[in-house]
1. Condition first: outside any strand (DSSP E or B) and either without any contact (Cβ under 8 Å) to a residue 60 or more places away in the chain or open to solvent by 60 Å² or more (accessible area, probe 1.4 Å) (or both). Can you find one or more residues in the stretch 96-106 that meet it?
2. Please work out which residue is nearest to the chain's Cα centre (by Cα), limiting yourself to the stretch 241-284 and to residues that are open to solvent by less than 40 Å² (accessible area, probe 1.4 Å) and over 22 Å from ILE226 (Cβ atoms).
3. Return yes when GLY346 is assigned by the TED database to the domain that holds ARG406, closer than 19 Å to VAL430 by Cα, out of contact with any His (no Cβ under 7 Å at 6 or more places or on another chain) and open to solvent by less than 40 Å² (accessible area, probe 1.4 Å) and no when it is not.
4. Going through the stretch 33-45 one residue at a time, which ones are farther than 16 Å from LEU98 by Cβ and out of contact with any Pro (no Cβ under 7 Å at 6 or more places or on another chain)?
5. Given ILE422, ILE401, ILE431, ILE375, which one is closer than 25 Å to GLY318 by Cβ, in the same structural domain as PHE492 (by the TED database) and not small (Gly, Ala, Ser)?
6. For the stretch 495-504, enumerate the residues that are open to solvent by 60 Å² or more (accessible area, probe 1.4 Å) and touching a helix residue (DSSP H, G or I) at 6+ places or on another chain (Cβ under 8 Å).
7. Return a yes/no flag: does the stretch 306-315 have any residue that is open to solvent by 10 Å² or more (accessible area, probe 1.4 Å), within 24 Å of GLY103 (Cβ to Cβ) and out of contact with any Leu (no Cβ under 6 Å at 6 or more places or on another chain).
Amino acid sequence: MAAQCVTKVELTIACTNLLDKDVGSKSDPLCVLLQNTSGQQWYEVDRTERVKNSLNPRFAKKFLIDYYFELVQKLKFGIYDIDNKTYDLSDDDFLGELECTLGQIVSSRTLTKPLVLKNGKPAGRGSITITAEEVKDNRVVVLEIEARKLDSKDFFGKSDPYLEFHKQTGDGNWVMVHRTEVIKNNLNPVWRPFKISLNSLCYSDMDKSIKVECYDYDSDGSHDLIGSFQTTMSKLKEASRSSPVEFECINEKKRQKKKNYKNSGVVSVKHCEIIVECTFLDYIMGGCQLNFTVGIDFTGSNGDPRSPDSLHYLSPNGVNEYLTAIWSVGMVVQDYDTDKMFPAFGFGAQIPPSFQVSHEFPINFNPSNPFCNGIQGIVDAYRACLPQVKLYGPTNFSPIINHVARFAAAATQQQTASQYFILLIITDGVITDLDQTRTAIVNASKLPMSIIIVGVGGADFDAMEFLDGDNGVLRSPSGEPAVRDIVQFVPFRKFQNSPKEALAQCVLAEVPQQVVNYFSTYKLQPPKNPAA
């Protein structure tokens, strides 16, 4: 699955207290931006203009960069004193650099850090400030439309009308941007209200032509055109419930045939409103924290950790599929959590001192403080915990889902989009409490949380696929549907031979949309309004 870039970020660079390399005048700095491919290769993305005689430059030229939540995007900003005409920087004085990730920049929105030399020592008192802004038009149009006296196209019964909206490209072609639902057997249909981005509808241009076609639906695919009209956003937005904007639906063929042809019906726009919707980065830059929790399956079906065929067996270089999954997902998510303290729990093991079975024990064995320091802290706690527990059973997911849900429920007391919870469960997939887990997920779907399940080993993952509501809505045993799809399941073995970034890319790609859906459904704004 290729990452789809939906977001561009603009970076503005300023420096203070740069080293002075010029005799008799001040340095003439420029900033170069390098990006890291998945290996160790750095390549140049762009460079700013050179600012003359300044140790505190504010660069006018901005860097435009594609942003992917599900990737760790490593960046390096290098500052050079330019004293010659050559494009090559190797003959210019190096004033310091900063290496960081794009995630760190967007989650702090403005990042100020000291510049360092190639040997890692401070570049004098030099520092760099990077400010991020999302490049976007996040205006959305909400439309409510009905029609009356449409022509009947069906031999028996009335027409089954639907509308199609088209915008015109630069070369004059029309592209469809929206289709309403079909309303059966009705010449005076009222369609459901719908939303479409202003950019999709008319390239955000209020005076660009929009073509609307009304069709009669036929199950064999031979839909008949009832009629069409053209309009613009400027015209549509005059609509109000007290005075709708009305259009005659014209069918050219019919008009040419019939002498006294008037129209094929009237389409009435009852409501047209432009609203601004927050994007994922609006929430992140506005101070929303992503809280990351890990749940690890310590049940007997994994096999004895001392045996090389166990899923918990640590290879001579100290890794296994559990650790690889924690690293892969954790490395991306950690940039969005300020304190970098991550709770990590195990389930399905007998734990010391009395070896009773537990379905949510902190892997550092400290119930009052289950937090691990950074992703490395989770890895260290896991390695230390493994020899101390006895793998057992059954495999119950619901306690750990409900545990995180309690924190997510507490966060809903806040009136802003300040907290969102991501639970990573790593499991060999054999689940015992399927009904309780279904109930837990349906309850959690009303809360600011998402659940990622990574299946390790070669078991049958049917139950996991079932929890990932992609093939239909997940329901609790009582029949209550999940209000949104919050579970993403992937089998680890699908990624065995892929680059290490691929797993995180796949499991995290849906998270930004899940975050936006939750906060927009409950009409919560970012804690700090970035526009302010």
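1. Within the stretch 96-106, one or more residues are outside any strand (DSSP E or B) and either without any contact (Cβ under 8 Å) to a residue 60 or more places away in the chain or open to solvent by 60 Å² or more (accessible area, probe 1.4 Å) (or both).
2. Ranking the candidates gives PHE280 first.
3. When the stated conditions are applied, GLY346 passes them.
4. THR37, GLY39, GLN40, GLN41, TYR43
5. Numbers: ILE422 fails: closer than 25 Å to GLY318 by Cβ; ILE401 fails: closer than 25 Å to GLY318 by Cβ; ILE431 fails: closer than 25 Å to GLY318 by Cβ.
Criteria check complete, one pass: ILE375.
6. LYS500
7. No; the residues of the stretch 306-315 include none that is open to solvent by 10 Å² or more (accessible area, probe 1.4 Å), within 24 Å of GLY103 (Cβ to Cβ) and out of contact with any Leu (no Cβ under 6 Å at 6 or more places or on another chain).
For (1) within 21 Å of SER200 (Cβ to Cβ); (2) among the charged types (D, E, K, R); (3) in contact with a strand residue (DSSP E or B) (Cβ under 6 Å, 6 or more places away or on another chain), each residue gets a yes or a no:
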site	(1), (2), (3)
ASP151	no, yes, yes
LYS167	yes, yes, yes
ASP171	yes, yes, no
TRP174	yes, no, yes
THR180	yes, no, yes
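The values are calculated or read from the model by the stated rules, or taken from the named source; none is laboratory data. Worth saying up front: this structure is predicted, and the values here are computed from it rather than measured. Positions of Cβ are backbone-derived with ideal geometry, glycine not excepted, and every protein chain shown enters the neighbour counts. When the accessible area is computed, the model is the full protein with side chains, heavy atoms only, and any ligands, DNA or RNA have been set aside. Shrake-Rupley method; radii C 1.70, N 1.55, O 1.52, S 1.80 Å.
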